[in-house]
Amino acid sequence: MLVTIKSIIMRFRILNIALFLVGLISILTFSNCKKKPGPILFSIQDDIQLGQQVKEEINGNPSEYPVLDEAEYAEAYAYLRGITNKILNSGELNYKDEFAWEVYIIGDDNVLNAFAAPGGYIYVYTGLIKYLDKEDDLSGVLGHEIAHADLRHSTRQLEKMYGLSFLLSIVAGENSGQMTQIAGQIAGSLAGLSFSRAHESEADEQSVVYLAKTEYQCNGAYSFFQKLLDNNQDSGTPEFLSTHPDPADRVDEINEKAAEIGCDTTPADPVSYQDFKNSLP
């Protein structure tokens, strides 16, 4: 009888342990569904510190990155940050309060580009701003770049390119004499960063999710690709919105996401967008 009681107690304990593990796995699974996973070993603070160093290199290298002066172009910056803030306040970001979310304009009309550094530092070229037709279009691109930073795609891609230990050495300030050169290399890599098909699609779809909670056309990100297709420029899609997947597929996928969540696809089209473009050099 004593042996039977011990067996029952042991089975009860094993059952409790099993139930605990199932519960723990469920909690972790729910947590991962609620917040998109980032690089496993590269911390949020590491993202922020790396982004700060890249920002310093970009802003300190005007020959390669002619960032517009904020005092001289205060009106343009206020307009751009107004769009950005509406996206950030959508309630859909994982790291709204942790990341810096600073946006800068690079004065180069020959470049159709935008890119995001880790920690929420966004750079947009005047060439891209002037290429787009309306505020909804730009909000779609900004949503796409914000998604890359918030989902930590940039850091994951940099990990793949440089290795985790290399990036951690930058954050730790090791070999400080080489840090400027290394940060400059990373800044250059970011400007031409080509993401995986999965990351590009995820950023496209997340842009729709962000804009659905704003006044903007929720599928605004599709407009850039559609204009490239209409102008037969799809083969020249810039690296920041790489051809993985194809622009035509991305138009379809963005519109399908908008239909899936039932958000408003009516263009807001503020007339002030032309004034914004005119305020740029």
In the set Glu200, Glu205, the lone residue that is charged (D, E, K, R), touching a helix residue (DSSP H, G or I) at 6+ places or on another chain (Cβ under 7 Å), assigned by TED's automatic domain parsing to the domain that holds Ala114 and at pLDDT 75 or above is Glu205
Kindly provide the set of residues from region 39-74 that are acidic (Asp, Glu) and surrounded by 17 or more Cβ atoms within 10 Å (Cβ to Cβ), ordered by number.
Asp46, Asp47, Glu57
What strands (runs of 3 or more DSSP E) lie completely within region 51-134 and have 1 or more residues being in the same structural domain as Tyr273 (by TED's automatic domain parsing), in contact with a strand residue (DSSP E or B) (Cβ under 8 Å, 6 or more places away or on another chain) and modelled with pLDDT of 95 or more?
102-106, 121-125
Enumerate the pairs (first residue in region 102-115 and within 16 Å of Gly143 (Cβ to Cβ); second residue anywhere and surrounded by fewer than 19 Cβ atoms within 10 Å (Cβ to Cβ) and among the basic types (Lys, Arg)) with beta-carbon separation below 7 Å, excluding pairs fewer than 6 apart on the same chain, so at least 6 apart or on different chains.
Val103/Arg81
Between a residue in region 210-233 that is without any contact (Cβ under 8 Å) to a residue 40 or more places away in the chain and any residue that is surrounded by 16 or more Cβ atoms within 10 Å (Cβ to Cβ) and in a loop (DSSP other than H, G, I, E, B), which pairs come within a Cβ distance under 7 Å, given they are 6 or more apart or on different chains?
Leu228/Thr237
Considering region 208-244, residues that are among the small types (Gly, Ala, Ser) and in a helix (DSSP H, G or I), and then whichever is modelled with the highest pLDDT, we arrive at Ser223
Single residue of region 75-99 satisfying the filter (of a type in the set (Gly, Ala, Ser) and surrounded by fewer than 16 Cβ atoms within 10 Å (Cβ to Cβ)) that is nearest to Gln45 (Cα to Cα)
Gly91
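The values are calculated or read from the model by the stated rules, or taken from the named source; none is laboratory data. All values reported here derive from a predicted model rather than from experimental measurement. Using ideal geometry, Cβ is built from the backbone for each residue, glycine included, and neighbour counts are taken over all protein chains shown.
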